Amino acid sequence: MDITISTVGLEELASNNFSIYPNPNNGQFTIQLNQVQEHGSKVTITNTIGQVVYQAVINQKVSNIDIPNMDKGTYILTLENQNKLDRQLFIVK
């Protein structure tokens, strides 16, 4: 299993497998996959203390996510597909 961890400033994120925009955001954002997986990609969002705040399987190249009342802070989005994990940080203001 490959694991990739990307660090982030306040600039827009870019990853080998996906991007998140806008960043920072208010709990409404878009995930854009570079490649759609046949069986979908599992998305898990956790806060900085490891609590899962959102999980879904996405099957589209572009997915709009809306998590109402999301607390301000830094979050980790993990994308899992075909035994590969890719992570990016994003900020909710």
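Residues that are hydroxyl-bearing (Ser, Thr, Tyr) and open to solvent by less than 30 Å² (accessible area, probe 1.4 Å): find the strands (runs of 3 or more DSSP E) completely inside segment 33-89 holding 2 or more of those.
41-47, 73-81
Scan segment 24-42 for residues that are touching a residue at least 60 places away in the same chain (Cβ under 8 Å) and not hydrophobic (A, V, I, L, M, F, W, C) and jot them down. Please lay out each step first, then the result.
In the first step, residues of segment 24-42 are kept if they are touching a residue at least 60 places away in the same chain (Cβ under 8 Å); the result is 24-27, 29.
Scanning segment 24-42 gives PRO24, ASN25, ASN26, GLY27.
The values are calculated or read from the model by the stated rules, or taken from the named source; none is laboratory data. Bear in mind that the values here come from a model prediction, so they are computed numbers and not experimental data. All Cβ positions, glycine included, derive from the backbone under ideal geometry; neighbour counts span all protein chains shown. The accessibility values were calculated without ligands, DNA or RNA, using every heavy atom of the protein model including side chains. Shrake-Rupley method; radii C 1.70, N 1.55, O 1.52, S 1.80 Å.
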